[in-house]
Amino acid sequence: MKLLFIRLFVVFILIQNVPLIVQAKEIKYNHESITISEIKKKVDFKVVVPHNIPNDWTLEIKTYPWDEKDKITNFSLHYMDSDDKYMLIHINQRKGPFNKEMHINEEQVDINGHTGFFVEWGNSGELDKKGEIVTGGLLRWIQEGTYVEMHSSRISRNKMLEVARSMK
């Protein structure tokens, strides 16, 4: 009986800790945002999109310049929580290259065979003005000629790298 209880407890713990990451079948857009397929038609560079994101995140896309409808120079993917209250990850994309200026504490990382750079926020681990712990940082790299810059203060470095490595 004790052994059965231990097995059930272990199974319960494993189920609770299974990542909520799924292969994106349908993107949940918010605020009647422009879509990924529309963006691909209006930029002159490769658009890379994360394929493994938690299924309760929603997406809003911001394009730049603001008033331009046909010739978009860069855009941002804003992944929000399910309540559309917090931006979890911001991913900006534009035609490469990028400024290779290094930050003092920048760490070189591999993203799909591309050299990337990650630097955590200076106040990482501290409480923000809302009483939440600051985490994450700034991650940047070039993939297939596209400069990608991701930042988050709510998602850990490892989760940011996981999202970045799923981008295709």
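Does the stretch 110-167 hold any residues that are part of a strand (DSSP E or B) and open to solvent by 40 Å² or more (accessible area, probe 1.4 Å), and which are they? I'd like the intermediate steps shown before the answer.
To start, the set of residues in the stretch 110-167 that are part of a strand (DSSP E or B) comprises 110-111, 114-120, 127, 133, 137-143, 146-152, 167.
Within the stretch 110-167, D110, H114, T115, E120, L127, I133, I142, E149, H151 meet the criteria.
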- Query: Only one of these conditions is not met by D70: (1) at pLDDT 90 or above; (2) charged (D, E, K, R); (3) closer than 29 Å to E38 by Cα. Which number is it?
  - Reply: (1)
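If you check N92, N30, which single one turns out to be polar (S, T, N, Q), modelled with pLDDT of 90 or more, under 22 Å from R154 (Cα atoms) and open to solvent by less than 30 Å² (accessible area, probe 1.4 Å)? Explain how you work it out, then say what you get.
Details: N30 fails: modelled with pLDDT of 90 or more.
None of the others qualify; the one that does is N92.
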- Query: For the stretch 33-75, what are the residues that are surrounded by fewer than 18 Cβ atoms within 10 Å (Cβ to Cβ), under 17 Å from the mean Cα position of the chain (by Cα) and polar (S, T, N, Q)?
  - Reply: T35, N52, N55, N74
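Does V22 satisfy the condition of being at pLDDT below 90, assigned to a strand (DSSP E or B) and exposed (fewer than 14 other Cβ atoms within 10 Å of the Cβ)?
Details: at pLDDT below 90: yes; assigned to a strand (DSSP E or B): yes; exposed (fewer than 14 other Cβ atoms within 10 Å of the Cβ): yes.
So V22 fits the description; yes.
The values are calculated or read from the model by the stated rules, or taken from the named source; none is laboratory data. Just so we're clear, the structure is a prediction, and the values are computed from it rather than from any experiment. Neighbour counts are summed over all protein chains in view; Cβ atoms, including those assigned to glycine, are modelled from backbone coordinates with ideal geometry. Please note that ligands, DNA and RNA were not included when accessible areas were found on the heavy atoms of the full protein model with its side chains. Shrake-Rupley method; radii C 1.70, N 1.55, O 1.52, S 1.80 Å.
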